[in-house]
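K.L.:
Have a look at this one before I ask anything.
The values are calculated or read from the model by the stated rules, or taken from the named source; none is laboratory data. What you see is a predicted model; the values in this text were computed from it and never measured. Counting neighbours? That spans all protein chains shown, and the Cβs are built from the backbone with ideal geometry, glycine included.
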Amino acid sequence: MDCPFTHRACTDCAVYRGRHHYIASFKQGDSRNSGQEDQVAAYFKAVEKQLNPWTDNNGETTNKLRIKLELVNAESGKTRLCELEEARAWDWGDPRIMRIIGDRQVMSYKNLIEIMLYMQEKGLQAIKLYEFPRFMFLAGG
């Protein structure tokens, strides 16, 4: 099979190294590929679990949260405790504000709760959430 991007053999593709060949050549009902769909799905689920280990919180709610949220204003450097009700009221869709925990951007209140539950499970008592205008992060600060 030829690569749809480089138009060379999939095995010669420097970018994808044949991975798209494995996925693209799968045909529903093809007896040669029985069980292949489950392997592909399992692979992507494993990658997702590595990238975002907190996504599977088994439906836990904020009632189980004991971890404290420390809000750090990156412009002023001031740190304060933040209540979840305050965080829920933030405009999570505002593209001018970025919020980061560790090395991950927090994109929504639900994402914040998932991360907090995960960190609590790991034994942390408090986590720091850095909040700053987007230009500070993207311009090198």
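K.L.:
Only one residue in ARG134, ARG99, ARG104 is over 15 Å from LEU81 (Cβ atoms), under 13 Å from the mean Cα position of the chain (by Cα), among the basic types (Lys, Arg) and in the same structural domain as LEU84 (by TED's automatic domain parsing), so which one is that?
P.N.:
Step by step, each of ARG134, ARG99, ARG104 is checked, and only ARG104 is over 15 Å from LEU81 (Cβ atoms), under 13 Å from the mean Cα position of the chain (by Cα), among the basic types (Lys, Arg) and in the same structural domain as LEU84 (by TED's automatic domain parsing).
K.L.:
Determine, yes or no, whether MET136 is more than 18 Å from LEU65 (Cβ to Cβ) and surrounded by 17 or more Cβ atoms within 10 Å (Cβ to Cβ).
P.N.:
no
K.L.:
List the residue pairs whose Cβ atoms are under 8 Å apart, where the first residue sits in the stretch 91-110 and is within 16 Å of TYR130 (Cβ to Cβ), the second is outside any helix (DSSP H, G or I) and of a type in the set (S, T, N, Q), and the two are 6 or more positions apart or on different chains.
P.N.:
TRP92/SER108; MET98/GLN105; ARG99/GLN105
K.L.:
Going through ARG88, ARG66, ARG32 one at a time, which residue ends up being in a helix (DSSP H, G or I) and at pLDDT 75 or above?
P.N.:
ARG88
K.L.:
Further question on the same structure: Could you say whether any residue in the stretch 102-109 is out of contact with any helix residue (DSSP H, G or I) (no Cβ under 8 Å at 6 or more places or on another chain), at pLDDT 75 or above and part of a strand (DSSP E or B)?
P.N.:
Yes, the stretch 102-109 contains at least one residue that is out of contact with any helix residue (DSSP H, G or I) (no Cβ under 8 Å at 6 or more places or on another chain), at pLDDT 75 or above and part of a strand (DSSP E or B).
K.L.:
Additional query: If a residue has to be outside any helix (DSSP H, G or I), surrounded by 13 or more Cβ atoms within 10 Å (Cβ to Cβ) and out of contact with any Lys or Arg (no Cβ under 6 Å at 6 or more places or on another chain) to count, how many in the stretch 110-132 make the cut?
P.N.:
Final tally of qualifying residues: 4.
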